[in-house]
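To start, the structure under review is shown below, and the notes come after it.
The values are calculated or read from the model by the stated rules, or taken from the named source; none is laboratory data. Note that the structure is a prediction, hence the values are computed from the model and not measured. Don't worry about glycine lacking a Cβ; one is built from the backbone with ideal geometry, like all the others, and counts go over all protein chains shown. Heads up: the accessible areas ignore ligands, DNA and RNA and are worked out on the full protein's heavy atoms, side chains in. Shrake-Rupley method; radii C 1.70, N 1.55, O 1.52, S 1.80 Å.
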Amino acid sequence: MSLPIVFLLYFLSGALLVYFSIKCADYVDLLDKKTNLSGAFIGGVILAAVTSLPELVTSISSIYVVKNAELIIGNVLGSNVFNLCIFGGATALSVKAFSKSNVGKSHLVTIACTVVADLLLLATLIFDPQITRIPILNVNVASIIILIIYFISLRFLSNDDCQSDDDETSPLTVKQIVIRFVLMSLGLVGMSIIVTYFTDIIQEKLNLGASLAGAIFLGVVTSLPELASSITLVRHRNFNAMVGNVVGSNMFNFTIFSIADFIAGNTMVYVYSGHSIAMILFGVLSSLFAIASISLQRKTKKSSLSSGGKNIAFIAFGILICVSYLASMILK
């Protein structure tokens, strides 16, 4: 199969991922407005898990289908930095709507959890992963801790009571919405497997490193669901679900290391590379900017800073997050 044909099929698969994710976001927005569940929980748990299915499926496929587990770390870290770039771009471009929206406090806890997971992963990669491996379970201790951190973040999201800004008049019932949401989710899974297959072919034909190929061709395309769904939620002015989708997806993505480590057997999931270290560091930096942006947004009414000054700050944080993503790619 020629390289142009492979790229064509790769982009077609990505386009279908976008379509399925847009529909998922539409149905999540309806669930937010038709049920008593908060947008933080729906976006940060339900939608985040679904839009992270491509990362999960492609990572598992990296082990069993293309036999290249090194793609996993580039896929996850590349997706996480790109997801924060989505947040930065969305808040900077829709700064007035973002400043007036309801954003749950639980998102700050979730981002803090991702920072802890980033630092844990950094320590695991710098020191020999074999040292922190549990012989009986045949998994790294980091995999266990990441799962604990994830469930801690879920507890805070489930207790968030920040409600939607608008009501919805859709004729669809909650049951109909759930069924359609599940069907679109299955479409995401199917396309994810196909994308992994084409990424492996592209890596071989271009002679790229596995971690770089994972970050660029898997990390970006598997983040298209987060991008498309976030844009859709911003269009609906549901920033609470949008932020939950982005930061919840990042936290869920870390559990992919745990899942992959449990099923990989003796295959090493935590693989050191300079590019991976750079993505972790820029991911932490972007997370801190996101925390600052959300904290300022929640204090908008109490802060003495002028409206124009707040908007400039939101734009600045958004730009810094996007620059961090670009720097993480360029420094390779």
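Structural remarks
- Any hit, the stretch 179-201, residues being at pLDDT 80 or above, among the polar types (S, T, N, Q) and open to solvent by less than 70 Å² (accessible area, probe 1.4 Å): yes
- First in the stretch 47-58 and within 13 Å of VAL28 (Cβ to Cβ), second anywhere and polar (S, T, N, Q), Cβ under 6 Å, 6 or more apart: LEU47/ASN245; ALA48/ASN245; ALA48/SER249; VAL50/SER185; THR51/SER21; THR51/SER229; THR51/SER249
- Residues of the stretch 253-276 classified as closer than 16 Å to LEU119 by Cα, in a helix (DSSP H, G or I) and open to solvent by 10 Å² or more (accessible area, probe 1.4 Å), total: 1
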